[in-house]
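Here is the structure we will look at, set down as structure tokens.
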């Protein structure tokens with residue numbers, strides 16, 4: 001008999017079958033705490049679906065639906081329309097789907113949902129590859145990373161393409177609230193989920209989450225890698241509100257090596273590779289700092305003229 | 001109320017009067033007029049919701065979400081659109097979500113053709129959907145309310161199939177039931193289970209080998225049992241509207257004393273009625289059996305075929321590399337039920353190739369000599385259209 | 001008629017604690033009750049009680065995140081003896 005104070009009273013329950021140290025499971029707990037009971041979760045096929053909903057047991061204490069891999073956005077749109085038609089103006093419909101579903105196979109349907117402006121919060125949990133099928137590359141996999149479909153050989157060494165800039169692509173749909181976060185930045189993540197939840201209309205969160213087998217990392221370090229991703233500027237935490245971008249944190253930059261080291265998917269990188277990655281990250285960071293400045297100045301100007 | 005109206009518009013009007021909560025459509029010829037009409041109705045506040053989605057795949061996915069939330073959900077499509085929905089059709093049925101699709105039957109690519117045959121919906125026969133095929137626009141209008149009732153009573157989605165162009169674009173007199181009549185026949189949906197924060201459930205779970213087969217066979221058994229609902233609703237709607245189409249599963253026309261039978265589905269069966277009338281006048285004992293409910297497949301239809309000198313199955317679909325699907329199923333049912341009637345198979349009318357009264361007469365004539373298995377090429381005996389009319393096959397006519 | 005629907009929170013029947021090869025042990029005298037372990041646990045199975053951090057071994061898979069994020073290092077991972 002478990003002591004009552006050791007009982008999980010959250011909306012995302014224990015007993016799910018995620019790997020030990022799963023960064024996604026940590027993120028889901030934060031997300032569900034921020035969303036609360038009056039929520040309907042729509043989930044694409046993927047790790048989360050498998051480790052939370054093997055019949056007959058479910059880790060969800062809120063209504064949850066999974067249909068197929070690529071349709072979580074339109075399923076959510078259908079629920080949202082149904083609630084509206086039936087006079088429910090309070091329940092929030094939230095998609096929680098992986099990078100495979102969001103960056104790739106369900107991308108067009110997600111784009112359609114954003115363009116039409118359904119009242120849906122779409123959360124992409126980005127662990128940077130198709131983990132459920134055993135770590136294959138996705139549009140979210142970073143440059144040079146090893147996966148089972150971007151292998152390291154004599155002529156080609158890891159993924160030859162760059163990560164798709166999904167956050168910016170979604171923002172370009174004029175989605176009123178777009179933000180990034182990670183599982184390890186729970187205060188940032190919870191605050192952003194709460195903010196997104198209040199939007200009447202579409203909103204989007206892109207949340208980086210560790211995958212122990214996919215990244216080849218030590219389970220106990222799952223949160224550390226996410227902190228390093230932010231501290232090295234690999235994954236800037238930001239908000240894009242009504243088109244105006246703002247960095248949520250401006251950590252003093254750690255060298256990118258701090259993030260790459262110890263991840264098996266990056267262990268083949270040469271010093272030149274790392275230098276090149278560093279250069280790219282610095283450029284991207286400078287871009288975001290510049291963009292924040294321009295956007296915020298413009299915003300202040302518009303507000304002043306109102 | 002009787003109206004002279006295009007088939008598509010009539011179907012949209014009756015779909016509206018069924019009170020759908022969520023309608024989501026993507027335009028595809030020849031179902032487009034239904035979608036456009038429903039959109040217009042939404043702009044006038046006549047339906048609660050209409051979403052012009054970015055694909056048929058999203059249309060059916062929105063219906064899944066809407067139905068799971070307890071709503072009444074409707075869409076229309078055909079051909080490539082239905083094929084694009086394929087994955088979700090199976091999931092919707094497997095998740096036991098009621099909803100209605102009106103499918104304006106059209107051929108499948110390649111080559112591309114916008115014209116009618118049944119390859120689109122027949123190819124979805126194994127999806128777990130109930131499929132009802134209509135012979136004319138009046139029947140399509142009468143079938144939509146029944147489809148919602150059957151679907152919501154059985155938690156099995158229903159596809160109403162009516163022929164693209166032959167029916168969708170045909171302007172004719174149709175008796176459209178009053179909204180109040182439909183309202184009395186079709187009560188508001190009461191979902192047995194739904195996505196509700198007050199009573200949370202997990203839907204669309206995955207099943208290990210210990211459970212998977214059980215769910216699939218359960219669906220299969222329930223689709224079979226739904227034949228009773230199809231019959232019941234035909235009776236009930238018949239009482240409301242004064243119109244019945246056989247027993248709901250199939251319809252017979254001069255079949256009882258016939259020596260030869262023509263078996264088929266869809267609008268070609270109205271031409272076949274004309275052929276039978278003509279041939280009866282000439283003293284030929286011919287009749288029809290029209291399969292209305294293709295899924296669940298009514299194998300008892302064999303009782304209407306037993307004892308005949310011959311029967312032919314005419315169908316507008318091919319199972320590439322095998323016997324034609326309807327023929328194969330009737331043939332198998334006959335064997336099972338000990339009906340030893342020479343059965344012929346005709347495939348024809350693909351991609352809008354006309355099947356005329358004259359063709360049907362010829363087919364009846366051919367099977368007198370014994371069973372035939374052939375593709376009807378649609379040329380022989382076809383009335384020649386004068387080139388001056390500008391509507392010859394070469395001109396496409398689109 | 002039975003769709004494959006599930007009841008909420010029934011995953012709690014899965015006692016994933018038997019996956020574990022290492023267990024977290026807490027020196028509660030050092031615990032400052034900051035809640036980092038509770039927040040960062042993927043399995044929702046370590047809680048700050050009056051006494052300090054306390055794991056629920058029914059579900060703990062032994063990943064060691066709690067020990068890693070603990071700012072005062074009062075959680076140690078020790079091998080399970082089975």
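Nothing in this text is a laboratory measurement; each read-out follows from the coordinates by a stated rule. Note that the structure is predicted; figures quoted are calculated from it, not measured. Please note: Cβ atoms are built from the backbone with ideal geometry, for glycine as well, and neighbour counts cover all protein chains shown.
Quick notes on this one:
- In degrees, nearest ten, helix B:357-367 long axis to first principal axis of chain B (Cα): 70 degrees
- For the protein assembly as shown, share of DSSP beta bridges that run antiparallel, in % to the nearest 5: 35 percent
- Among C:63, C:34, C:45, residue whose mean-square fluctuation peaks in a GNM of chain C (springs only between Cα atoms under 10 Å): C:34
- Order of C:19, A:60 under a 10 Å beta carbon neighbour criterion, fewest first: C:19, A:60
- Only beta bridges with both residues in region B:250-395 are counted; by DSSP, about 20 percent of them are antiparallel.
- Fewest-first sequence of A:6, B:274 by Cβ atoms within 10 Å of each Cβ: B:274, A:6
- Principal-axis analysis of the Cα atoms of chain B puts helix B:137-154 at an angle of about 50° to the longest axis.
- Estimated purely from DSSP H runs of n ≥ 4, each contributing -39500 (n - 2.57), the mean residue ellipticity at 222 nm for chain A is -11500 deg cm²/dmol once divided by its residues.
- Euclidean distance between Cα centres, region B:248-266 to region B:85-154, Å: 22 Å
- Between region A:172-228 and region A:123-144, the C-alpha centres lie 15 angstrom from each other.
- Burial ordering of C:76, A:159, fewest other beta-carbon atoms within 10 Å first: C:76, A:159
- Panel values: the protein assembly as shown, Kirkwood radius from alpha carbon pairs, Stokes-Einstein at 37 °C and 0.692 mPa s, translational diffusion coefficient 113 µm²/s.
- Base-10 log of normalised Debye intensity for region A:219-269 (one unit scatterer per alpha-carbon) at q = 0.20, 0.25, 0.28 Å⁻¹: -0.72, -0.93, -1.04
- In plain terms, the C-alpha convex hull of region B:245-307 casts an average shadow of 4.0 nm² when viewed from every direction.
- Helix-only [θ]222 nm of chain B, DSSP H runs n ≥ 4, -39500 (n - 2.57) each, per residue, nearest 500: -12500 deg cm²/dmol
- Distance cut-off 18 Å, percentage of C-alpha pairs in region B:172-323 lying past it: 72 percent
- Helix-only mean residue ellipticity at 222 nm for chain C, each DSSP H run of n ≥ 4 adding -39500 (n - 2.57), per residue, nearest 500: -2500 deg cm²/dmol
- Cα-based Kirkwood hydrodynamic radius, region B:216-285, one decimal, Å: 14.3 Å
- By DSSP, the beta bridges lying fully in chain B are antiparallel in about 25 percent of cases.
- Largest-first principal axis extents, alpha carbons of region A:9-305, Å: 60, 58, 34
- Dividing the alpha-carbon radius of gyration of region A:166-230 by the rule-of-thumb value 2.2 N^0.38 Å gives 1.27.
- Evaluated at q = 0.17 Å⁻¹: base-10 log I(q)/I(0), Debye formula over Cα of region B:2-241: -1.29
- Shielding value for A:216-222 is 5, the average number of Cβ atoms from other chains within 10 Å of each residue's Cβ.
- Alpha carbon convex hull of region C:17-79, projected area averaged over orientations, nm²: 3.6 nm²
- Size descriptor, Kirkwood hydrodynamic radius, that averages inverse alpha-carbon separations across region B:250-395, Å: 15.6 Å
- Degrees separating the helix B:209-241 axis from the principal Cα axis of chain B, which is the longest one: 70 degrees
- Peptide B:21-31 shows a mean partner chain C-beta count of 2 within 10 Å per residue C-beta.
- Taking every alpha-carbon pair in region B:107-173 and binning the separations at 5 Å intervals from zero gives 3, 16, 23, 21, 19, 11, 5, 1 percent.
- By the compact-protein rule of thumb, 2.2 N^0.38 Å, the alpha-carbon radius of gyration of region B:71-154 corresponds to a ratio of 1.08.
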